[in-house]
Amino acid sequence: MPVGTAASVKGVLHRNLREDVGAQIILANTYHLYLRPGRDVLENAGGVHRFSSWDGPVLTDSGGFQVFSLAGCRKITEEGCRFSSHIDGSKHLFTPENVIDTQRIIGADIMMAFDECPPGNAPFDYASRSLELTHRWLERCFGRYRATAPKYGYAQSLFPIVQGCTYPDLRVKSAEFVQQFDADGYAIGGLAVGEPAPVMYNMIEVVNAILPAGRPRYLMGVGTPVNILEAIDRGVDMFDCVMPTRNGRNGMLFTSEGVINIRNEKWKNDFSPVDPAGCCFVDTVYTKAYLRHLAISGEMLAAQIASMHNLAFYMWLVQRAREEIAGGGFAAWKREMVEKLSRRL
RNA sequence: GGGAGAGUACCAGAGUGGCCAAAUGGGGCAGACUGUAAAUCUGCUGACGUACGUCUUCGGUGGUUCGAAUCCAUCCUCUCCCA
């Protein structure tokens, strides 16, 4: 997902993030043209393409998750991670140091530490050793981070990532460890990677009881609208996820009334708006029946509309969450929304 | 008028005596997708039954055979070539 969203109202403003944090944070490698048509220009910075016209914060991932999803054609060592390109077989090496260098070049406002993301069912022994490695890598990331300067005249933050799989004591250990770096924000990684949702929620609670409430807490790679509301309820401020765009491309719509598989025949003659909440112009310009027709016909426009809708819906959801938090009605609103959002239409 | 060929499930299209309820693709129906190797992947798709299974299908009809989508006869329809 291109857009991350700072959701909570509690103290997420800090020196590197603009006042409108809580609006949008864009990952550098994705489709922000969906959001800001006409504003993006691709330029080459130090051999790396960078979007220069986006005026919101840019967040880049380190490649830690790629390493995780590459399992099979990669080798993790103390030095870093060697892997082969699935495209041409060429060999590459990610290290905590070169990953920081790359993110500097891209010009990310928020850079992520290089970590190992073990699977959700990792045994304790492996999880523990992995965590130690991630912590050693984190020290190296900050070493390089402090030894280098921002490249484009504005500050670049580096967020550590709390790991520890599904083991509360490892999570506690990690959450305590990362604070020594006095970072601008902290990420929670290694969740929604196969473990049951209640376990994920529990880990968030464990970690957020330790991470400073005055700095953004970023839950990486999560998730469904319900996941996000549950995480906000547990003190998470920022998210990013492929779900609204990938699932959108594959015909799944998240709406204020529930989840829709737009390819289902039941929408064939449904000429109602995509989402009555109307979070985005596509919701009211297009009907479910038309969107279904486009999806069934394999038209690219279906993927575009669905992605736009889902992104707008996610933005709408966290916008509403902020309002409810500010107004003191979050708990009740969340209960109601979780019920709705769990619905399959 | 003469000659050649073809008709198979929703569509296209394999199959040319038993291993065929019938390959494959499309379409249809559903599901999956969580720090993007993903405009992707998976399942089902004649009827009835959870299932072992049973029944009805390969243009129509009638034959040959223990057995036919496959062989024969005939009818119908379509395509192409020559006049």
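The values are calculated or read from the model by the stated rules, or taken from the named source; none is laboratory data. Keep in mind that what you see is a predicted model, and the values were worked out from it rather than measured. Positions of Cβ are backbone-derived with ideal geometry, glycine not excepted, and every protein chain shown enters the neighbour counts. SASA here: full protein model, heavy atoms, side chains in, ligands and nucleic acids out. Shrake-Rupley method; radii C 1.70, N 1.55, O 1.52, S 1.80 Å.
Here are the numbers:
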| read-out | value |
| --- | --- |
| Any hit, the range A:169-178, residues being more than 22 Å from A:Pro119 (Cβ to Cβ) and aliphatic (A, V, I, L, M) | no |
| Number of positions in the range A:117-134 that are assigned to a helix (DSSP H, G or I) and either at pLDDT below 90 or open to solvent by 10 Å² or more (accessible area, probe 1.4 Å) (or both) | 7 |
| Residues being near RNA strand B (Cβ under 9 Å from one of its atoms) and not small (Gly, Ala, Ser) - total across the range A:75-90 | 2 |
| Flag if A:Leu93 is within 11 Å of RNA strand B (Cβ to nearest atom) and open to solvent by 30 Å² or more (accessible area, probe 1.4 Å) | no |
| Number of positions in the range A:135-169 that are free of Cβ contacts under 8 Å to residues at least 60 places away in the same chain, open to solvent by less than 10 Å² (accessible area, probe 1.4 Å) and in a loop (DSSP other than H, G, I, E, B) | 4 |
| Residues of the range A:213-225 satisfying the condition of being in contact with a helix residue (DSSP H, G or I) (Cβ under 7 Å, 6 or more places away or on another chain) and either open to solvent by less than 10 Å² (accessible area, probe 1.4 Å) or more than 9 Å from RNA strand B (Cβ to nearest atom) (or both) | A:Arg217, A:Leu219, A:Val222, A:Gly223, A:Pro225 |
| Top-ranked residue of the range A:60-82 - restricted to ones that are open to solvent by less than 40 Å² (accessible area, probe 1.4 Å) and either modelled with pLDDT under 85 or assigned to a loop (DSSP other than H, G, I, E, B) (or both), ranked as nearest to A:Gln156 (Cα to Cα) | A:Ser62 |
| Residue list for the range A:288-324, restricted to those being surrounded by fewer than 17 Cβ atoms within 10 Å (Cβ to Cβ) and among the hydroxyl-bearing types (Ser, Thr, Tyr) | A:Ser297 |
| Those residues of the range A:179-196 which are surrounded by fewer than 20 Cβ atoms within 10 Å (Cβ to Cβ) and modelled with pLDDT of 95 or more, in sequence order | A:Gln179, A:Gln180, A:Phe181, A:Asp182 |
| Residue selected from the range A:325-345 under the condition open to solvent by 60 Å² or more (accessible area, probe 1.4 Å) and not in a helix (DSSP H, G or I), by the criterion nearest to RNA strand B (Cβ to nearest atom) | A:Arg344 |
| Residue list for the range A:269-303, restricted to those being of a type in the set (Phe, Trp, Tyr) and part of a helix (DSSP H, G or I) | A:Phe281, A:Tyr290 |
| Meets criteria (near RNA strand B (Cβ under 7 Å from one of its atoms) and either in contact with a Lys or Arg (Cβ under 6 Å, 6 or more places away or on another chain) or of a type in the set (A, V, I, L, M) (or both)) for A:Val285 | no |
| Number of the exception - A:Asp240 against (1) of a type outside the set (Ser, Thr, Tyr); (2) farther than 20 Å from A:Ala321 by Cβ; (3) modelled with pLDDT of 90 or more; (4) open to solvent by less than 40 Å² (accessible area, probe 1.4 Å) | (2) |
